[in-house]
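What follows is a short report on a single structure.
The values are calculated or read from the model by the stated rules, or taken from the named source; none is laboratory data. Remember, it's a predicted structure, so these values are computed and weren't measured experimentally. Cβ placement follows ideal geometry from the backbone for every residue including glycine, while neighbour counts extend to all protein chains displayed.
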Ligand SMILES: [Cu+2]
């Protein structure tokens with residue numbers, strides 16, 4: 001009996017302490033989420049979680065599926081540095097030449113600049129937008145699980161202050177279903193070429209998925225019209241592009257040399 005009582009007392013104290021701890025260490029961390037929707041009929045889906053810690057780090061977690069197996073997928077956070085504008089995931093309405101494929105250039109109007117390149121290591125600025133050798137690789141089933149904590153010095157203030165008006169985009173599709181990015185499908189990526197990387201298949205840079213940020217602090221309809229997720233493929237949510245040529249500029253260091261990665265590595 002005594003033993004039971006003392007155990008109860010201990011449990012009560014532990015519960016009280018943990019509640020106090022929770023109250024006491026509550027941080028200013030902000031977490032927002034996005035649901036990835038397919039673009040270009042990719043069938044890609046997934047979830048994104050962005051956590052801005054109170055000490056300025058950014059933790060990015062992505063779980064996605066339906067990507068091209070064994071291929072690297074460039075992925076970025078897009079949005080507006082100014083917080084204004086009209087940014088949303090593009091749709092086939094943006095397919096100006098009507099060929100059924102949404103290229104980066106066509107989708108540019110719906111997009112802000114690239115805030116951030118979701119690389120697996122090293123630089124994460126817009127300069128690494130096409131650094132495919134540091135982009136995550138989908139596994140043999142087309143799944144991609146990515147997690148990286150970016151140190152405060154890598155995270156621009158503007159990204160944190162606009163966390164609620166961003167979107168996440170993954171690139172890389174396989175329209176001729178031959179298991180890789182190749183010129184035979186859609187030709188050369190003029191987008192990459194204009195950034196100083198000739199010889200990159202358009203399949204590698206066309207958008208595969210896009211997700212709009214929602215969650216803590218995220219307005220339901222920022223800038224008067226951003227979709228808030230929910231719709232499956234085919235809606236206005238679907239579509240994306242690398243943010244325009246302006247984003248990287250002539251000084252871009254484009255490393256798009258290894259379209260065949262050594263391993264199915266991802267994350268970190
Ligand atoms: Cu992008």
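Please go through the stretch 167-185 and pick out each residue that is surrounded by fewer than 24 Cβ atoms within 10 Å (Cβ to Cβ) and at positive phi.
Those that are surrounded by fewer than 24 Cβ atoms within 10 Å (Cβ to Cβ) and at positive phi: 177, 179.
For the stretch 119-134, give me each residue that is crowded, with 24+ Cβ neighbours inside 10 Å, closer than 10 Å to residue 76 by Cα, touching a residue at least 60 places away in the same chain (Cβ under 8 Å) and touching a strand residue (DSSP E or B) at 6+ places or on another chain (Cβ under 8 Å).
If the condition is that a residue be crowded, with 24+ Cβ neighbours inside 10 Å, closer than 10 Å to residue 76 by Cα, touching a residue at least 60 places away in the same chain (Cβ under 8 Å) and touching a strand residue (DSSP E or B) at 6+ places or on another chain (Cβ under 8 Å), then 128, 129 are the ones that fit.
Would you check if there is a residue in the stretch 105-118 being out of contact with any helix residue (DSSP H, G or I) (no Cβ under 7 Å at 6 or more places or on another chain), in contact (Cβ under 8 Å) with a residue 40 or more places away in the chain and assigned to a helix (DSSP H, G or I)?
Yes: one or more hits.
When you scan the stretch 160-226 for helices (runs of 4 or more DSSP H) that lie fully inside it, which ones turn up with 3 or more residues that are modelled with pLDDT of 95 or more?
Fully inside the stretch 160-226 and qualifying: 183-186, 202-205.
Among the residues of the stretch 125-159, which ones are over 20 Å from residue 191 (Cα atoms) and assigned to a helix (DSSP H, G or I)?
Selection gives 152, 153, 154, 157, 158, 159.
Would you please name the residue that is nearest to residue 176 (Cα to Cα), looking only at residues in the stretch 73-102 that are at pLDDT 90 or above and within 12 Å of the ligand (Cβ to nearest atom)?
Looking at the filtered set, the residue picked out is 73.
Scanning for something without any contact (Cβ under 8 Å) to a residue 24 or more places away in the chain and closer than 28 Å to residue 47 by Cα, does the stretch 190-202 turn up at least one residue?
No, there is no match, as no residue in the stretch 190-202 is without any contact (Cβ under 8 Å) to a residue 24 or more places away in the chain and closer than 28 Å to residue 47 by Cα.
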